[in-house]
Amino acid sequence: MKITFLGTGTSQGIPIIGSQHPVCLSKNPKDKRLRVSVLVEWEDYTYVIDCGPDFRYQMLRAECNKIDGILFTHEHSDHVLGFDDIRPFYYKQGDIPIYAHKRVLKELRKRFDYVFETENKYPGAPTVITNKIKNKPFKLKNLEVIPVSGKHAELQVFGFRFNDFAYLTDMKTLKEKEVDKIKNVKVLVVNALRVEPHRSHFNLEEALKFIKKVNPEIAYLTHISHLLGFHEEVEKTLPENVFLAYDGLQITI
Ligand SMILES: [Zn+2]
């Protein structure tokens, strides 16, 4: 299984438009973060988790020419606003399967009503095949995916486990029985926004505590804000099996 980090930044991305913060001005490419998303590939299959405002550029940058579906963690703008840019895939492949909580599907219908239109549909609008995710395992081709439910402040969010890989973003609290689903996973990706606490995201300390509890072989932090600091400097302070993800990073599991 191959994982490509398409974006590792928080909702505004890094740099933030107009910001003079030193991390936003950094020349290190690892300090430049598009909105959070990953590509999950195995055999001939390619799935994307989330479809934020940078989706088009992320697909071009990763040279991704085919997708078998999109999984959504939740409905916030930094995770859904690229939805219209599934058009090139739709034109080539036909209806695109999407997987999300029914609440997220409802929100997509509201924001992108023309995609779901059945009468007098605008020519050129894409069509999707909706799949509701409940909090129980489901199949993607020959692979079982285990949803992991958590809370982003008050909002329910799904993370996903694919065999030895688990991807969680925008988490703040998880029940023990959800954490049990990913204990001892080989590779864990989890959000770590910044050093200071935040109402709806793990800060660095909470993410590290969570990683300890899950006990993966290796962990990567994502959904990073400029307030976490410079990539090179933060990474020096992390435990030996924890790394900051960065845009373009690829791992094979
Ligand atoms: Zn987010």
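Where a number appears in this text, it was derived from the coordinates with a stated rule and is not lab data. In this text the structure is predicted, and so the values were computed from the model without any measurement. FYI the Cβ positions are ideal-geometry reconstructions off the backbone, even for glycines, and counts take in every protein chain you see.
Numbers at a glance
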{"read-out": "Loop sites in the stretch 15-66: trypsin sites (Lys or Arg not before Pro), DSSP, at most 14 other Cβ within 10 Å", "value": "Lys27, Lys66"}
{"read-out": "Mean projected area (nm²) of the alpha-carbon convex hull when the chain is viewed from all directions", "value": "13.3 nm²"}
{"read-out": "Built amide H within the under 5 Å cut-off of Asp170, gap 5+", "value": "Asn191"}
{"read-out": "At R0 = 25 Å, FRET efficiency that the Cβ-Cβ distance of Asp84 and Glu43 yields, to 0.05", "value": "0.30"}
{"read-out": "Cβ-derived FRET efficiency at R0 51 Å, Ala153 paired with Glu117, nearest 0.05", "value": "0.95"}
{"read-out": "Net +/- balance of residues flanking Gly13 in space, Cβ distance below 13 Å, scoring K and R +1, D and E -1", "value": "-1"}
{"read-out": "Selection from Gly82, Tyr45, Asn120, by position along the positive dipole direction of the stretch 2-252 (Cβ)", "value": "Asn120"}
{"read-out": "Lys110 versus Thr130: modelled label distance in nm, points set 7 Å from Cα along the beta carbon direction", "value": "1.3 nm"}
{"read-out": "In nm, spacing of pseudo-spin labels at Leu143 and Glu240 (7 Å Cα→C-beta vector)", "value": "3.0 nm"}
{"read-out": "Sparsely packed GluC sites (Glu not before Pro) within the stretch 216-253, loop by DSSP, other Cβ within 10 Å at most 16", "value": "Glu217, Glu240"}
{"read-out": "Spin-label proximity, Lys102 to the stretch 136-164 - amide N less than 15 Å from point 7 Å beyond Cα toward beta carbon", "value": "136"}
{"read-out": "Neighbourhood charge, 15 Å Cβ-Cβ cut-off, centred on Pro123 and excluding it, Lys, Arg +1 and Asp, Glu -1", "value": "-1"}
{"read-out": "Local electrostatic count, Asp164, Cβ distance below 10 Å [Lys/Arg +1, Asp/Glu -1]", "value": "+1"}
{"read-out": "³J(HN,Hα) computed for each position of the stretch 146-162 - Karplus, 6.51 cos²θ - 1.76 cosθ + 1.60, integer Hz, glycine/proline x", "value": "9, x, 10, 9, x, 10, 10, 6, 8, 8, 6, 9, 9, x, 9, 10, 10"}
